[in-house]
Amino acid sequence: MEILECNRCGKCKEFCPSYLIFLRESFCPRGRFQLSLLLQEQKIKENDKLRKRIFSCLLCGACINICPLQINIPMLIYETRAKMQKKMFNYFFKYFSLYPKFFFSALHFLGNSKILCTILKKQKKIPSSLLEKFFVIESKKAEKQSFKIYNKIKPKGRVALFLGCSTNYIMPSLTESLVSLLSNENYEIIIPKQNCCGAPLLSNGFKEETLKIAKKNIETYKSFNIDGVITPCPTCAHFIENIYEEITGESINVIQISDLIENLPVNYTSESKIFFHESCHSSNYIKETDKILNLLTKLGFHNIQRKSGCCGFAGIFSFLFEKESMDILQKKVLEYEKADMIITSCPNCIMQFKFAMKDKKIFHYLEIINKILTERGEKNGRKI
Ligand code: SF4
Ligand code: SF4
């Protein structure tokens, strides 16, 4: 990876969620840039203080868009973490990424065992808020993964789904919405046996393992005769399209769902005050918010306010920095207090918000579109 020289202009600072919470130079993008270089040049030694600075980056990408030199700090952080010593928590995420089904089955078991859950919380092995977050959504037992295909007689196109662990194991009903919407658009759909995209591996410094999982996923999806891959998770979308290209030289063609949805009913009007929360990966990497907002407006939601800014989840960040993750989340809770409904495109942000705002209506945009289409279809006596 080519490392450009930071001119220390500081423009990135005020957009970095990590800096805004720690308020220290060494926690801002240019601080991490300097620390990473010094470590790589062996001018400083690895210790707990340094690890804290490097692992408190949420990899949100806000700094890339603001930096006049477009220095890719998250890629530099991935490289730095790969060179650092691995700790217990790194291995926890490694095995989570390699065996998500086992991990979520264990979580499901835990969810049904209040005593075990209480012991774990008391021992503080896992942040208690993180445990609760996994249960606020659906907490269904992980289904057996198998290849599925939804055929069409004269399809408009053929796509394969990459669901991502959050959708697959925490919000499985999102898959039903996605399949229903794509079927309504007359697309043939393939759901291959699912793997993790590898984001938790790279975030924890396991570069070789990420490379293996990336190659496996590329091989799987390239073996189908498809127009492209669809995913309901912006983190997976960024990973399988951009990061795979960066680390393997090959990418998977990701189609944005908003480009495929055309059949929307007219004459629907909602007066609800809606806040559309733009996740970090949507706003800073895959940039599909304009198209999603267009769809929602066409659908009849005219009172939408676009909001961006990190929700504080970021996987390993909420594991290692529970208090700071909650502080970032709390800012969002205050900001979103006046909304009747929150719509977003990220399953992880949904998990975070449902945990903190239990009485609020919170949806993935695919769920809300599918809900309205289904209600309309039923009213008109036709099945969509
Ligand atoms: S990726 Fe996000 S958290 Fe990390 S340095 Fe950049 S702005 Fe800060
Ligand atoms: S905006 Fe870019 S060049 Fe300026 S301080 Fe941040 S990383 Fe360095």
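The values are calculated or read from the model by the stated rules, or taken from the named source; none is laboratory data. Source: prediction; values computed, not measured. Glycine also receives a Cβ, built like all others from the backbone with ideal geometry; neighbour counts cover every protein chain displayed. The protein model used for the area step is the full one, side chains on, heavy atoms only, and it has no ligands, DNA or RNA in it. Shrake-Rupley method; radii C 1.70, N 1.55, O 1.52, S 1.80 Å.
The table that follows gives values for the structure above.
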read-out	value
Test for Arg51: is it of a type in the set (D, E, K, R), away from ligand 2 (no atom under 16 Å from the Cβ) and open to solvent by less than 10 Å² (accessible area, probe 1.4 Å)	no
Every pair of residues 6+ apart whose Cβ atoms lie under 9 Å, when the first sits in segment 75-97 and is closer than 14 Å to Ile247 by Cβ while the second is aliphatic (A, V, I, L, M) and more than 16 Å from ligand 2 (Cβ to nearest atom)	Met75/Ile243; Tyr78/Leu202; Tyr78/Ile243; Tyr78/Ile247; Arg81/Leu202; Ala82/Leu202
Filtered residues of segment 47-77 (kept if within 8 Å of ligand 1 (Cβ to nearest atom) and in a loop (DSSP other than H, G, I, E, B))	Ser56, Cys57, Leu58, Leu59, Cys60, Gly61
Helices (runs of 4 or more DSSP H) (entirely within segment 180-255) containing at least 2 residues that are polar (S, T, N, Q) and either open to solvent by less than 40 Å² (accessible area, probe 1.4 Å) or touching a residue at least 24 places away in the same chain (Cβ under 8 Å) (or both)	207-222
Conditions (1) more than 16 Å from ligand 2 (Cβ to nearest atom); (2) modelled with pLDDT of 85 or more; number of the one not met by Lys125	(2)
Complete set of residues in segment 5-46 that are within 15 Å of ligand 1 (Cβ to nearest atom), open to solvent by 70 Å² or more (accessible area, probe 1.4 Å) and under 26 Å from Glu245 (Cβ atoms)	Phe15
Subset of segment 355-375 that is basic (Lys, Arg) and not in a helix (DSSP H, G or I) - its residue that is nearest to Leu260 (Cα to Cα)	Lys361
Inter-residue pairs, beta-carbon under 7 Å, first free of Cβ contacts under 8 Å to residues at least 24 places away in the same chain and in segment 298-321, second of a type outside the set (A, V, I, L, M) and assigned to a strand (DSSP E or B), 6+ apart	none
Pair list, Cβ < 8 Å and 6+ apart or interchain, from segment 45-70 residues that are of a type in the set (Lys, Arg) to residues that are assigned to a loop (DSSP other than H, G, I, E, B) and away from ligand 2 (no atom under 12 Å from the Cβ)	Arg51/Met84; Arg51/Lys87
